[in-house]
Amino acid sequence: MTSAATSRTQRLEALADRRFDLLVVGGGITGCGIARDAALRGLRVALVEKDDFASGTSSRSSRLIHGGVRYLEHGHLRLVFESSAERRRLLRLAPHLVRPLEFTWPVYDGARIPRWKLGAGLTLYDTLALFRNVHRHRRLSRTAVLEHEPSLRTEGLLGGAQYYDAATNDTRLTLANAIGAANAGAIVLNHVASIGFVIEGGRAVGATVEDALTGRRSDVRASIVVTATGPWTQKVRGSKGAHIAVPRERVGNRHALTLLSPRDGRVIFALPAGLHAIIGTTETYTAASPDSVRASNDDVRYLIDSANAFFPRAALTTADVVSAWAGIRPLIANAGDSPGSATREHSITTNAEGVISITGGKLTTYRVMARDVVNLVVARLGGGETDVRAKTIPLPGGDFTSLDALIADAARTTNDIALADHLTTSYGTRWGDVWNEIERDGCGVPLDDNLPYTIGELRYAARHEMAATLGDLLIRRTHFAFETSDHGATAAPRIAAALAPVFQWNTAAQLQAVDDYEAEVQRIFSVDPE
């Protein structure tokens, strides 16, 4: 049995020394979901990720677990049905990371989707969820819309509707699957790249991997190899989705909103995210590399203009953008002419060397994608357990019945309701372990006076969540980089010094860690001029 806390050296040695049933290449939400599902079925599993878990598309989503109300327009009813079922399941499996989210959809005079059509669509949405969503939708009068969201533009407002989906922390949901896989016995490693398959008799029997932190190479032997590399897969079309974070007090949204952009009529969201509102997303085909994709000036202007059209008192400008980022959705290669109408279905293929690849799909249905891949793996191995455990065992930290009670318990211990809310909604029942690190001498120091992150939380991530770089800590284990205008650059040297004893960094290593972090921040958060 291994765990997320097993030392990196031990896990690297295990990669080379053991023979696995399954090697998964790719540590996004799909790859980590595959590893967890397979490990829970008793398979000997290894997973390698060239960067960090969720370092690609899985950390740059709209942070929603949703049925996909906008897919109804394009007739993707099976996907909406499947997504609605998965939303319901994830609300049970990870109640700290997947939480109900109330949406208001205002309708204005001349809108592409009139009130009657919206009502019919949301009735169908409830039906496809088997009327088992958090609450059924309800129609709202003009007055009721403004009672829910008083900062909305009043001119031309006719009414609207209220419905429910779910919010998530996309990065920590991915990480929870990686930790769950490790706790079930898988060998899981980030910052380890697959640089080529090991081929014997014309079949892939593993891969040669290289540890980015030490340069160490080894061959990993496995009966079956699966690639879950999302937009890095060759047989996909990349659709770029950009988001911006702006001060929520400027926007004034109380909850989440579904809006139709005045520029082109496509669906965008205004989402609550602590002190910030996230506005997104764009959707355009791109040839950009997944390693370097960023928001552009046009993306940012599109989202600002859309937000200002509905929240005129916000008067947002580019100077108000705290952060902007983009990811690439991996759409299957035969997708439709426009990215908005392209299906989010997934596709599983096997090449001549026997390597299984999964492409397409969406965050909400990652568990279904994982199940389908592992079912194929099990069949090729000659049969085995079904996926019952993967869909019934809570993700790490999700073994509780009341989030409100958990928050209250944490608040009594920490004497800080904001910190209690952050710890419980990030770690669930593991919050006490993080609190123990925070209570150590000097570890309760906040990274920023307005944010709940502390040195102790970062120490916990380094010790127990496989974080190895400042980017792992500040971009993915926490959202510190997303929530500060300099993306954590000013605090990085101080944080590197505080974490040096955990990572065993000398002065030169600390300086290198900061340089590497600044380069990663530039790669992810800078805005392209075109």
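What follows is calculated from the coordinates using simple rules that are stated; it is not laboratory data. Computed from a prediction, not measured in an experiment: that's the story for all the values here. Note: ideal-geometry Cβ built from the backbone for every residue, glycine included; neighbour counts use all protein chains shown.
Taking the Cβ of Leu122 as the centre, find all other residues whose Cβ is under 13 Å away and add up their charges (Lys, Arg: +1; Asp, Glu: -1).
On the way: positive: Arg70, Arg115, Lys117, Arg136, Arg138, Arg139; negative: Glu73, Asp126, Asp165.
Result for the neighbourhood of Leu122: +3.
Using only alpha carbon pairs under 8 Å that are at least six residues apart, calculate the relative contact order of segment 430-530 and give it in whole percent.
Numbers: 95 pairs, mean separation 21.4, N = 101.
Once normalised by length, the contact order is 21 percent.
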Normalised alpha carbon radius of gyration of segment 440-525 [divisor 2.2 N^0.38 Å]: 0.98
Extension gain from Leu381 to Glu200, taking 0.36 nm per residue of separation minus the Cα-Cα distance: 63.4 nm
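So what is the calculated 222 nm ellipticity per residue for the chain, using -39500 (n - 2.57) for each DSSP H run with n of 4 or more, over all residues, to the nearest 500 deg cm²/dmol? Mind showing how you got there, number by number?
Values: 15 runs with 180 residues, N = 530.
Rounded to the nearest 500, it is -10500 deg cm²/dmol.
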Base-10 log of normalised Debye intensity for segment 316-466 (one unit scatterer per alpha-carbon) at q = 0.08, 0.14, 0.16, 0.21 Å⁻¹: -0.43, -0.97, -1.03, -1.19
Inter-label distance, nm, simple model (7 Å from Cα along the C-beta direction), Thr413/Arg89: 3.1 nm
Share of Cα-Cα pairs in segment 225-277 lying beyond 15 Å, as whole percent: 63 percent
Semi-axis lengths, Å, segment 264-322, gyration tensor of Cα atoms, sqrt of 5 times eigenvalues: 21, 14, 12
Vicinal HN-Hα couplings computed from phi for segment 451-461 (Karplus, 6.51 cos²θ - 1.76 cosθ + 1.60; Hz; Gly/Pro x): 10, x, 7, 10, 4, x, 5, 5, 4, 4, 4
Nonlocal amide H pairs with Ala489, under 5 Å, H built at 1.01 Å: none
Residues of segment 439-464 with amide N under 20 Å of a point placed 7 Å along Cα→Cβ from Thr429: 464
Dipole of segment 440-525 [Lys/Arg +1, Asp/Glu -1 at C-beta], most positive-end residue of Ala467, Pro446, Ala508: Ala467
More than 29 angstrom apart: percent of Cα pairs within the chain: 51 percent
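What is the gain in length, in nm to one decimal, between Arg313 and Asp448 on full extension, counting 0.36 nm per residue of separation less the C-alpha to C-alpha distance? Please list the in-between numbers first.
Details: separation 135, 0.36 × 135 = 48.60 nm, distance 2.80 nm.
Full extension of this stretch gives 45.8 nm more.
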Built amide H within the under 5 Å cut-off of Val188, gap 5+: Leu47
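I'm checking a number: the convex hull volume of the Cα atoms of segment 109-198, normalised per residue, in Å³. What is it?
Values: hull volume 21.3 nm³, N = 90.
Hull volume normalised by residue count: 237 Å³.
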Tilt relative to the chain, helix 8-17 - C-alpha long axis, 0 to 90 degrees, to 10: 60 degrees
Fraction of antiparallel bridges per DSSP, the chain only, in percent to nearest 5: 75 percent
Gain on full stretching of the segment that runs from Glu518 to Gln10 - 0.36 nm per residue minus C-alpha separation: 179.9 nm
Nonlocal amide H pairs with Leu158, under 5 Å, H built at 1.01 Å: Val107, Tyr108, Asp109
For segment 418-431, 3J(HN,Hα) per residue [Karplus equation, 6.51 cos²θ - 1.76 cosθ + 1.60, θ = phi - 60°, Hz, x = Gly/Pro]: 5, 5, 4, 4, 4, 5, 6, 7, 9, 10, x, 5, 8, 4
Quotient of Cα Rg and 2.2 N^0.38 Å for segment 480-530, N being how many residues it contains: 1.25
Calculated P(r) tail over 23 Å for segment 55-173, as whole % of Cα pairs: 35 percent
Kirkwood estimate for segment 1-129, i.e. one over the average of 1/r between Cα atoms, Å: 18.0 Å
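Report the FRET efficiency, 1/(1 + (r/R0)^6), for Leu511 and Asp298, where r is their Cβ-Cβ distance and R0 is 25 Å, rounded to 0.05.
Numbers: r = 36 Å, r/R0 = 1.46.
So the FRET efficiency works out to roughly 0.10.
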Segment 504-516 - phi-based ³J(HN,Hα) in whole Hz, Karplus 6.51/-1.76/1.60, Gly and Pro as x: 6, 8, 8, 4, 5, 5, 4, 4, 5, 4, 5, 4, 4
